[in-house]
Structures are given as C-alpha cells and as structure tokens.
1. Using Cα-Cα distances under 8 Å and only pairs 6 or more residues apart, what relative contact order does the range 74-226 have, in percent?
2. Order of 288-296, 309-317, 209-217 by packing, highest average Cβ count within 10 Å first?
3. Residues with beta-carbon under 13 Å from that of Ile62, excluding Ile62: net charge, scoring Lys, Arg +1 and Asp, Glu -1?
4. I'd like the orientation of helix 333-364 relative to the chain: the angle between its Cα long axis and the longest Cα principal axis, in ° from 0 to 90, rounded to 10.
5. Can you work out the accessible area per residue across the range 157-285, with the rest of the protein chains kept in place, probe 1.4 Å, in square angstrom?
6. Based on Cβ point charges of +1 for Lys and Arg and -1 for Asp and Glu, what charge dipole magnitude is obtained for the range 103-372 about its Cα centre, in debye rounded to the nearest 20?
7. In whole angstrom, note down how far apart the Cα centers of the range 310-382 and the range 183-219 are.
8. Place a label point 7 angstrom from the Cα of Ser369 along the Cα-to-Cβ direction, then list the residues of the range 77-112 whose backbone nitrogen is under 11 Å away.
Amino acid sequence: MSVNRRDVVKSVIALGATAAGARTAAADNSLSLLDASIPHSDAVGGMLLTVEDYERAARARIDPTAWEYIASGAADELTLRSNVDSFRALRLVPHQLRDVSHVTTDVTLLGHTLSHPILLAPTACHKLAHPDGEVGTARGARLADTGMVLSSYSTVPVDRVAEEKPPLFWFQLYVQERGYTTDLVKRAVRSGATAIAVTIDTPVSGARNRQQRANFKFPENLPHISGNAPEHPLVWKDLEWIRDAAGGVPVLLKGILHPDDVEPALKAGAAGLMVSNHGGRNLDTCVATIDALPAIVAQVRGRVPVLVDGGIRRGTDVLKALARGASAVMIGRPYVYGLAVNGADGVKSVVDILRAELVMAMQLTGCASVPRIDSSILGATA
Ligand code: LAC
C-alpha cells in the first residue's frame, strides 16, 4: 500500500464511516476534518474509533460464556495483560524532518507481497462471535487486503473458507493422531493453503480458570478436530512427517519464545517462526511476546521471516514490533471483536484502524517504508 497524507486523512474518515455503515464525501486535505465529521457510532451508540471501542462493543454482543472463552487468558492472566502492557511501556523516539510525504507499508512474506503487515492470527470457533463464522473472517481479510491463518478449531471447513480467497491463506495445525493429521494437512493444502503453521506451544492446555468457571464447552463436531489426542505430545522429530504431508508447502512454527529453540527449528526445516504465547492462554507468567522477539530475531539472522502476535492494540504496537525486527504481525482477539460487531465489515474496520494508525506512526517517526523502520526509534521502557 502506498499512501500520501491526503489519503491518510481520507482513510481515517472512511474508517469512521465504515464503522457507522455510512460514508462521508471525500475530504480535502485539511487535518481539521479529522475531528469534524466522523460518523462513528455503532448500533448501541458507542464510538468505534479504536480496537478498544470494538472490544467494548463486542462484549455487548457476544454470549457471556463465549466471551469468557474468547477474552480470557490462563490462570491469573498476567501474561494476557503483559502482552499489552509491554507494548505500551515501550517508548518511541521519533526522527524529524525526514520525507514522509509518501509512505508505503508493503511487506513480502514467503514470496507473497502484502500491502501491509497486519495479518489475522488463528483463533478458534468464529461462529461464537458471528453466524458467518470463518467465512465472514475470510471475506473481511479480503476486504482488508490481508492474510488469514485459519485455525484447526474452525467452525467452517477449510475448503469453504478458502473459497472466499483471502489474499494470503495459511492453515494453523493442531497435531492430532498421525493419520488424521496427515489427511488434514493434505486437505488444507488441496484447498489452497499456501503455508501450514504448526502450533508448538500446547503439549497440554493451560489453566483456563475463567473458561472453567463459565463452564465453556467447544461446539460439537468441529470439522477438523477429531477429539482424540495425538499418540504422543509433539517433538522436533515429528516435523519430518508433517513436512512430508505438506508436500513442499512451507511449514512455519507458531509459539516459539526461547532463542535456543531457533536452531532446532531451522534444522527441522521451519520456513518461518511465529513468536507467540498463545494470547496468554497457556503458560501464565511467561514472557510477553514483544519482549521475547529481539532474542529470536537476533538468533534467526534474517534466514526466515519472524512474525509476532499477542497484545497488539494500536498502530504504534505494530511499529514497535517491526522496529524490533518482526517481518509482520498478527492480531487475534481484535479482529474477532470486529467480526462480532459487524461481520466481515467489522474485521475490515479493525484492520483499517490499525493500518491507518501504523501509517500515522510511521510518518510521525520519520519512517517512509517498512525497511526504514529499525530499532533507532525505540527508547527506554517506561
Ligand atoms: C485456544 C485454542 C483452541 O487457545 O487454540 O483456545
């Protein structure tokens, strides 16, 4: 994506318009328009200008038991909170007077060029948020010109979701029994998934106390969940048969946090790494993802792309992740909130908000393109 200042003003106004289901006339480049004419209320009267606004609006719509599943983290939710807080605590030190009249947010991931670096992380059971489920998310991904990583816990079969043709379509794999998993990987690839992201951080589930208290149960008959455990918890060696099943489609690993795991991962043929703590849902008190990122990036030394998820709620968070060396970021709960509020259009609005905020943050820190974003704009931690 390439934008100039005038486009940014327009896009911010359009964001408000989309959120309200209405459109304003094209704006001129007067910044005063930013606060003048944004029609930005949702059906329950709240303003939808930020990810947090979408979270609030989603909470009013999602069934309370499903909400406890979606919004909660493990145990005392310390990691859930520190994912967000660690981004917030990181201070930016802007460069001034660099030419930011023309900004591009393009990134290239495994040979695909995307117009911006904000992808949709795998999250479970989208029909809990909206009747369109993952079909709505895939449409939203297309509208927002972004990639989608479909969860094994999808409520809609992978073939059906793929028909919506998101600009980039990857499949997240939970390894189950070997025969079932092999078939699942092959089915995802046949459907058009161009990468498989294997979740490696869940040999067991975390202490999901809020889910337990709410008595949350997964919907029955999820199309890609067998209900049976794998023969043994996943180990490095299993990546051989998973890569065989993928038949040349790149396999990424999702859930890497320890720099010592980088070499085994690359030796096992990982085509990319996703720094993730599962949205704070598994090991409570584990390191925040933005804090784990630099050591992973240092160890990878540019050999494969490194994505990061967990805690991204603002465009400045995206900027900070890129400044710490991420190739792209993924958002999870935020787009599920968008889906709950307004289906595919809500997914688009949430991505658009972060995208517009990223462009602003790039302009305000003197970074006209993603390659120009580096650690020189990062200051102390508050
Ligand atoms: C979760 C699984 C399904 O976090 O990824 O709930």
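The values are calculated or read from the model by the stated rules, or taken from the named source; none is laboratory data. Note that the coordinates shown come from a computational prediction; the quantities given were computed from them, not determined experimentally. Cβ: placed from backbone, ideal geometry, glycine included. Neighbour counts: every protein chain shown. For the accessible areas, the whole protein counts, side chains as well, though only heavy atoms, and no ligand, DNA or RNA atoms are used. Shrake-Rupley method; radii C 1.70, N 1.55, O 1.52, S 1.80 Å.
1. Details: 200 pairs, mean separation 32.3, N = 153.
Computed value for the range 74-226: 21 percent relative contact order.
2. On the way: 288-296: 22.2, 309-317: 25.2, 209-217: 14.1.
My ranking of the peptides, most packed first, is 309-317, 288-296, 209-217.
3. Working: positive: Arg56, Arg59, Arg61, Lys127, Arg333; negative: Glu55, Asp63, Glu68.
Around Ile62, the charge tally is +2.
4. It works out to around 60 degrees.
5. Details: 6160 Å² over 129 residues.
Per-residue accessible area for the range 157-285 comes out at 48 Å².
6. On the way: 28 positive and 25 negative charges, 62 e Å.
Dipole of the range 103-372, to the nearest 20 debye: 300 debye.
7. Computed from Cα coordinates, the inter-centre distance equals 25 Å.
8. In the range 77-112, the label zone of Ser369 (backbone N under 11 Å from the point 7 Å along Cα→Cβ) covers 103-107.
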